[in-house]
1. Run lengths n ≥ 4 of DSSP H only: what is the helix-derived mean residue ellipticity at 222 nm for the chain, with -39500 (n - 2.57) per run over all residues, to the nearest 500?
2. Subtracting the Cα-Cα distance from 0.36 nm times the residue separation, let me have the gained length for residue 116 to residue 12 in nm, one decimal.
3. If I model segment 102-158 as equal point scatterers sitting on the Cα atoms and use the Debye formula, what is log10 I(q)/I(0) at q = 0.12, 0.18, 0.20, 0.21 Å⁻¹?
4. Could you tell me how many degrees, from 0 to 90 and to the nearest 10, lie between the Cα long axis of helix 138-183 and the main elongation axis, the longest principal axis, of the Cα atoms of the chain?
5. Please report, in whole Å, how far the alpha carbons of segment 46-157 spread along each principal axis, starting with the longest.
6. In nm, what is the difference between 0.36 nm times the number of residues separating residue 136 and residue 76 and their Cα-Cα distance?
7. Hey, rough spin-label estimate for residue 102 and residue 41, points 7 angstrom out along Cα→Cβ, what's it come to in nanometres?
8. How far, in degrees from 0 to 90, does helix 101-130 lean away from the longest principal axis of the Cα atoms of the chain, to the nearest 10?
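None of the figures in this text is laboratory data; all of them are computed from the coordinates on show. Just so it is clear, the structure is predicted and the values come from calculations on it, not from any experiment. Cβ placement follows ideal geometry from the backbone for every residue including glycine, while neighbour counts extend to all protein chains displayed.
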């Protein structure tokens, strides 16, 4: 009887140890999954902010062109409101990408281009207000070139974030495969 009790105790201890190890492994995997989920959420916030900034830039372009064509002061009021929203949006992006040096460098270039574009836009609007003819100002043409650089910079930043998402997806898939092969 004692031998049988000892055998039951050993079997119970071994099965308990295996269950504890599997539980710890599952907790570790769950923690990793939560971390990856948080990283994906963060990356999606960055991408959303990049789209928001791009939308603001496009809206300012539309308002500027609307004013150039119609000379309607209501376009001017909306334009200055949009311009004042762009830099705070870039500052929000700065907080989101504080852990990525490459994206911080891109953001510095982006903010520089935004400031340059804003200056050309103001110069263009002053030219239009004082010019008697309907010719385009040199600042407008320079602003178009800066706008393209802005779009390119935003696009490269988005591509980098999408690459992060792809990498995180591959890593998550790898861990899922490890988990599935371990359980089988």
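1. -34000 deg cm²/dmol
2. Details: separation 104, 0.36 × 104 = 37.44 nm, distance 7.29 nm.
Roughly 30.2 nm would be gained on extension.
3. Ignoring solvent entirely, the Cα scatterers give -0.33, -0.61, -0.69, -0.74.
4. Roughly 10 degrees between the two axes.
5. So the extents along the principal axes, rounded to whole Å, are 50, 24, 16.
6. Numbers: separation 60, 0.36 × 60 = 21.60 nm, distance 1.73 nm.
Result: 19.9 nm gained on full extension.
7. Calculated label separation equals 2.5 nm.
8. 20
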